[in-house]
């Protein structure tokens, strides 16, 4: 009986999360690029309010990336997907996609944004061309768009400062995961 109860709770959490993330997809390449750039600007505005030092870090960096991600964790497996853009100091933009898979214990879903600030040009170039990130991860989230809390903040990994901003979700998990970032052939 409890198994059915938990399965129902999982289904409701995931359905609510996915319904909250659903948007009408723009049809043209120009509209999709515009959508990514609007997301980037909105995330940077919020980042600067939460972490004012990030504005100086971005100004002194050779480039940065902003991603919008959705994450779902069901008992032993976790999955994420998203999109974003790498903005170089030269003005060049590279549109990218991301996918993530992991193994570990957890349950729930979250909608979050990530900002990567590259400390040097070689790390930036390697991210655009290779784009892999591996690692363990723990998370605790109970948040709607303006209520609740999430554990997150700033991390420095391989010459990249990473900020995460959780928009909404209900999630508790610990996992080992692999993440792949790659160029979006349709938008570049």
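Quick grid of which residues meet (1) touching a residue at least 40 places away in the same chain (Cβ under 8 Å); (2) within 13 Å of the chain's Cα centre (by Cα); (3) closer than 16 Å to residue 166 by Cβ; (4) surrounded by fewer than 19 Cβ atoms within 10 Å (Cβ to Cβ):
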| site | (1), (2), (3), (4) |
| --- | --- |
| 48 | no, no, no, yes |
| 53 | no, no, no, yes |
| 58 | yes, no, no, no |
| 65 | yes, yes, no, no |
| 85 | yes, yes, no, no |
| 92 | no, no, no, yes |
| 97 | yes, yes, no, yes |
| 104 | yes, no, no, yes |
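Go through the range 76-98 and give me each residue that's within 14 Å of residue 124 (Cα to Cα) and touching a strand residue (DSSP E or B) at 6+ places or on another chain (Cβ under 7 Å).
85, 86, 87, 88, 89, 93, 94, 95, 96
Can you pull out every residue in the range 171-188 that is at pLDDT below 75 and crowded, with 19+ Cβ neighbours inside 10 Å? If you could, list the steps in order and put the result at the bottom.
First, pick out the residues of the range 171-188 that are at pLDDT below 75: 171-177.
Scanning the range 171-188 gives 171, 173, 175, 177.
Being at pLDDT below 90 and either within 19 Å of residue 57 (Cβ to Cβ) or out of contact with any helix residue (DSSP H, G or I) (no Cβ under 9 Å at 6 or more places or on another chain) (or both) is the filter here; which residues of the range 89-112 pass it? Don't jump to the end; show me each part of the working.
Kept after step one, since they are at pLDDT below 90, are these residues of the range 89-112: 100-112.
Hits for the range 89-112 are 100, 101, 102, 103, 104, 105, 106, 112.
Taking the conditions exactly as written (at pLDDT below 90 and over 14 Å from the mean Cα position of the chain (by Cα)), does residue 126 satisfy them or not?
Working: at pLDDT below 90: no; over 14 Å from the mean Cα position of the chain (by Cα): yes.
In short, no.
Residue 81 versus (1) surrounded by fewer than 18 Cβ atoms within 10 Å (Cβ to Cβ); (2) not in a strand (DSSP E or B): which is the lone unmet condition?
Checking residue 81 against (1) surrounded by fewer than 18 Cβ atoms within 10 Å (Cβ to Cβ); (2) not in a strand (DSSP E or B), the one that fails is (2).
From the list 139, 146, pick out the single residue that is outside any strand (DSSP E or B) and either at pLDDT below 75 or crowded, with 21+ Cβ neighbours inside 10 Å (or both).
On the way: 139 fails: outside any strand (DSSP E or B).
Of the residues listed, the single one that is outside any strand (DSSP E or B) and either at pLDDT below 75 or crowded, with 21+ Cβ neighbours inside 10 Å (or both) is 146.
Can you report the number of residues in the range 40-72 which are in contact with a strand residue (DSSP E or B) (Cβ under 8 Å, 6 or more places away or on another chain) and outside any helix (DSSP H, G or I)? Walk me through it before giving the result.
At the first step, the residues of the range 40-72 found to be in contact with a strand residue (DSSP E or B) (Cβ under 8 Å, 6 or more places away or on another chain) are 40, 43-44, 46-47, 50-51, 54, 57-58, 61-72.
With outside any helix (DSSP H, G or I) added as a condition, the list becomes 51, 61-72.
So the count comes out to 13.
The values are calculated or read from the model by the stated rules, or taken from the named source; none is laboratory data. Keep in mind it's a predicted model, so treat the numbers as computed, not measured. Don't worry about glycine lacking a Cβ; one is built from the backbone with ideal geometry, like all the others, and counts go over all protein chains shown.
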